[in-house]
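For reference, the structure is listed below as structure tokens.
The values are calculated or read from the model by the stated rules, or taken from the named source; none is laboratory data. The structure displayed is predicted, hence computed values, not measured ones. Please note: Cβ atoms are built from the backbone with ideal geometry, for glycine as well, and neighbour counts cover all protein chains shown. Ligands, DNA and RNA are stripped out before the accessible areas are found, and what is left, the full protein with its side chains, is counted by its heavy atoms. Shrake-Rupley method; radii C 1.70, N 1.55, O 1.52, S 1.80 Å.
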Amino acid sequence: MITTVLWDVDGTLLDFEAAERAAIRTLFKEFDLGECSDEMLARYSAINISYWERLERNELTKPQILVGRFETFFGECGIDTGIAPEFNSRYQLTLGDTIVYRDDSLNIVKSLKGKVKQYVVSNGTIAAQTKKLDRSGFGRLMDGVFLSEELGIEKPNIGFFEKAFSVIKPEDPDEVLIVGDSLTSDMQGGINAGIRTCWYNPEGKPLPEKYKIDHIIKDLHEVTDILNS
């Protein structure tokens, strides 16, 4: 029986890409950088993903990826890379200005409150996630929030989950379910921690053979079915 659900935020409970696009376009205007085209946004998104993957592999530190992704992006676009630190600082706060729920996620979390314990587990920055959780309402619904920046270690490292479990104190790892969209962060983290895994895969991407996932869903409403089964 599952008693605890660990929720990823970006790309799972909230539409991160919508917030990302809105934030970067807003900041391009604020920094007087001209128009940020769809092609530029797609390029930034690819760069951003590659940097976060390097963080998950412990190749870079969080400060290095936060500023480095914009330095790389600006360099490719012919923009002064010197503004990257300031741009990133503003970006962390602007990300929380756009809240788009995935699959009616707010009401799903509301419906589960009191039935299971629910926690946020995120590699996002404190500045960005605090604002998102407050504006979205998730912060008031969760039993706790675990951010890698506060814990000092990132998903998928086992240490992230060990620190979270020292607070949650689950009786059995099999009672804990992690729900997330990232194979390399959320699912690998769940595998490392020995808990049940639920890959949120709305696009129906193929599952690489190296991952052994307990549940694969296309809609977050299916989490309720898993809990009731």
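Looking only at residues in segment 1-48 that are of a type in the set (Ser, Thr, Tyr) and surrounded by 20 or more Cβ atoms within 10 Å (Cβ to Cβ), the one that is nearest to TRP199 (Cα to Cα) is THR12.
If you go through segment 90-123 and pick out every residue that is open to solvent by 10 Å² or more (accessible area, probe 1.4 Å) and small (Gly, Ala, Ser), you end up with 2.
If only residues of segment 140-170 that are assigned to a loop (DSSP other than H, G, I, E, B) and free of Cβ contacts under 8 Å to residues at least 60 places away in the same chain are counted, the one that is surrounded by the fewest Cβ atoms within 10 Å (Cβ to Cβ) is LYS169. Residues in segment 178-210 that are under 26 Å from GLY159 (Cα atoms), open to solvent by 20 Å² or more (accessible area, probe 1.4 Å) and assigned to a loop (DSSP other than H, G, I, E, B): ASP181, SER182, GLY194, LEU207, PRO208, GLU209, LYS210. Tell me which residues, restricted to segment 1-37, are aliphatic (A, V, I, L, M) and part of a loop (DSSP other than H, G, I, E, B). Of everything in segment 1-37, those that are aliphatic (A, V, I, L, M) and part of a loop (DSSP other than H, G, I, E, B) turn out to be MET1, ILE2, VAL9, LEU13, LEU33. Screening segment 111-139 for residues that are in a helix (DSSP H, G or I) and among the charged types (D, E, K, R) and picking the one that is nearest to ARG196 (Cα to Cα) gives LYS132.
Remark: pairs (first residue in segment 32-43, within 17 Å of ALA19 (Cβ to Cβ); second residue of a type in the set (A, V, I, L, M) and part of a helix (DSSP H, G or I); Cβ separation under 8 Å; 6+ apart in sequence or on different chains) = CYS36/ILE24; LEU41/ILE24. In summary, VAL223 fulfils each of the numbered conditions (1) among the aliphatic types (A, V, I, L, M); (2) closer than 21 Å to ARG54 by Cβ; (3) open to solvent by less than 50 Å² (accessible area, probe 1.4 Å) with the single exception of condition (2).
Please verify whether GLN64 is more than 28 Å from LEU220 (Cβ to Cβ), among the polar types (S, T, N, Q) and either surrounded by fewer than 14 Cβ atoms within 10 Å (Cβ to Cβ) or under 22 Å from the mean Cα position of the chain (by Cα) (or both), treating the condition exactly as stated. Yes, satisfied. Kindly establish whether ASP172 is of a type in the set (Asp, Glu) and closer than 16 Å to ILE2 by Cα. The answer is yes for ASP172.
Select from segment 59-84 the residues that are in contact (Cβ under 8 Å) with a residue 40 or more places away in the chain and in contact with an Asp or Glu (Cβ under 8 Å, 6 or more places away or on another chain) and list them in ascending order.
Within segment 59-84, the first condition is being in contact (Cβ under 8 Å) with a residue 40 or more places away in the chain, and the residues that meet it are 62, 66, 79, 83.
Correct list: LYS62 only.
Filtering segment 107-131 to residues that are farther than 25 Å from GLY152 by Cβ and in contact (Cβ under 8 Å) with a residue 40 or more places away in the chain leaves ILE108, VAL109, SER111, LEU112, LYS115, VAL116.
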